[in-house]
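A.B. asks: Below: one structure in C-alpha cells.
The values are calculated or read from the model by the stated rules, or taken from the named source; none is laboratory data. Computed from a prediction, not measured in an experiment: that's the story for all the values here. Counting neighbours? That spans all protein chains shown, and the Cβs are built from the backbone with ideal geometry, glycine included. To get the accessible areas, we keep the full protein, side chains included, count just its heavy atoms, and leave off ligands, DNA and RNA. Shrake-Rupley method; radii C 1.70, N 1.55, O 1.52, S 1.80 Å.
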Amino acid sequence: MKRSFYIVLGCFLTSVGASILHHAHVLTGGTAGLSLIMSYLSSIPFGVVFFLINIPFYVLSVMIMGWNFTLSTILSVTLLSTITVGMDWILPSFSIPMSIGAVTGGVIIGFGLSTLFMNRASLGGFNILALILQKRRNWNPGIINFILDFVVVSLGFYSIGFWQGLLSILSIAITSSIISYFKNKIALSNKSTASNSHVNRYPVKTTIGMN
C-alpha cells in the first residue's frame, strides 16, 4: 500500500512538472521528446510512435528488471497519461515565463522520477535503460538520464530555437541532478529487486511455511 501511494505521488509530480514545461513551451527529453520529433518528421501520430519506441525497452525490462518492475512501469505510464489528460480538462489554460517554467518543471519532474525509481517503477523508455545500467554497471542514473535527454533536446534545436533549447537543457540538467542526489537510495531499491528475484528463482526448502 505504501509503495502504491508513492508511485501515484511520483506520477502526479511528474505530470505537474510536464504540464509546467508544456505551458512554458520548453522541450522535454526522453522517449516522449524523441517520439514528438519523429512524429513531426514522419507525420505518424505521436501515440503510435511513442508506443512503438517503448516496446524494446519493455522487453529489456522484463529480461533484466523482472515482471514486477515492468508491470509497475506500464501502470505508471498509464496513470501518468490519465492524470495528464485530467489536468488538461480541469486546469484553465495558462502561460508561464520559459525560464521559470524550465526551472520549476525540472525540479518537480526530478522529485517525481526519483520517487518512482526508489519504489521500483519508472516511466518507461530511457528511464528503464538508466536503471538497467545502474544495476549492471553501477552508473549514475541521473547522468545517464541527462545524456540521453540532452541528445533528444539537441535534435529538437532546429525547431524550437537556440534560447528555448538552452532552457530545455537547463531543465533536464536540474531533473538529472535531483535524480543523482537520490542515486544511493535508487541503487538500494534495485538491489532489493535483484535479491527478491534471486530468492524467487532459487527457493529454499524449509519445514516452516512461507509468509
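A.B. asks: Could you tell me which residue of segment 51-62 is nearest to the chain's Cα centre (by Cα), considering only residues that are open to solvent by less than 60 Å² (accessible area, probe 1.4 Å) and among the aliphatic types (A, V, I, L, M)? Steps first, please.
C.D. replies: Here is the first cut: in segment 51-62, the residues open to solvent by less than 60 Å² (accessible area, probe 1.4 Å) are 53-54, 57-58, 61-62.
Filter again for among the aliphatic types (A, V, I, L, M), leaving 53, 62.
Details: Ile53: 14, Val62: 17 Å.
Applying the filter and picking the extreme gives Ile53.
A.B. asks: Could you please find all residues in segment 4-29 being within 15 Å of Ser114 (Cα to Cα), in contact (Cβ under 8 Å) with a residue 12 or more places away in the chain and small (Gly, Ala, Ser)?
C.D. replies: Kept after step one, since they are within 15 Å of Ser114 (Cα to Cα), are these residues of segment 4-29: 4-18.
Restricting the remaining residues to those that are in contact (Cβ under 8 Å) with a residue 12 or more places away in the chain gives 6-18.
Once the filter is applied, which keeps residues that are within 15 Å of Ser114 (Cα to Cα), in contact (Cβ under 8 Å) with a residue 12 or more places away in the chain and small (Gly, Ala, Ser), segment 4-29 yields Gly10, Ser15, Gly17, Ala18.
A.B. asks: Sort out which residues of segment 1-50 are in contact with a Ser or Thr (Cβ under 6 Å, 6 or more places away or on another chain), more than 25 Å from Ile100 (Cβ to Cβ) and open to solvent by less than 20 Å² (accessible area, probe 1.4 Å), and write them in order of number.
C.D. replies: Val49
A.B. asks: How many residues does segment 115-125 hold that are outside any loop (DSSP other than H, G, I, E, B), among the hydrophobic types (A, V, I, L, M, F, W, C) and either surrounded by fewer than 24 Cβ atoms within 10 Å (Cβ to Cβ) or in contact with a Pro (Cβ under 9 Å, 6 or more places away or on another chain) (or both)? Quick ask: steps written out before the conclusion?
C.D. replies: Looking only at segment 115-125, we keep the residues that are outside any loop (DSSP other than H, G, I, E, B), and these are 115-117.
Next, from what is left, pick out any that are among the hydrophobic types (A, V, I, L, M, F, W, C): 116-117.
Pick out the ones that are also either surrounded by fewer than 24 Cβ atoms within 10 Å (Cβ to Cβ) or in contact with a Pro (Cβ under 9 Å, 6 or more places away or on another chain) (or both) and you get 117.
Residues in segment 115-125 being outside any loop (DSSP other than H, G, I, E, B), among the hydrophobic types (A, V, I, L, M, F, W, C) and either surrounded by fewer than 24 Cβ atoms within 10 Å (Cβ to Cβ) or in contact with a Pro (Cβ under 9 Å, 6 or more places away or on another chain) (or both): 1 in total.
A.B. asks: Before we move on, is Ile128 assigned to a helix (DSSP H, G or I), hydrophobic (A, V, I, L, M, F, W, C) and within 12 Å of the chain's Cα centre (by Cα)?
C.D. replies: Working: assigned to a helix (DSSP H, G or I): yes; hydrophobic (A, V, I, L, M, F, W, C): yes; within 12 Å of the chain's Cα centre (by Cα): yes.
The answer is yes for Ile128.
A.B. asks: Name the residue that is nearest to Gly124 (Cα to Cα), counting only residues in segment 67-76 that are open to solvent by 20 Å² or more (accessible area, probe 1.4 Å) and touching a residue at least 24 places away in the same chain (Cβ under 8 Å).
C.D. replies: Applying the first criterion (open to solvent by 20 Å² or more (accessible area, probe 1.4 Å)) to segment 67-76 yields 67-68, 71, 74-75.
From the residues that got through so far, the ones that are touching a residue at least 24 places away in the same chain (Cβ under 8 Å) too are 68, 74-75.
Details: Asn68: 13, Ile74: 7, Leu75: 10 Å.
Selected residue: Ile74.
A.B. asks: Another question, then. Looking at segment 171-203, which of its residues are of a type in the set (Ser, Thr, Tyr), modelled with pLDDT under 50 and in a helix (DSSP H, G or I)?
C.D. replies: Ser197
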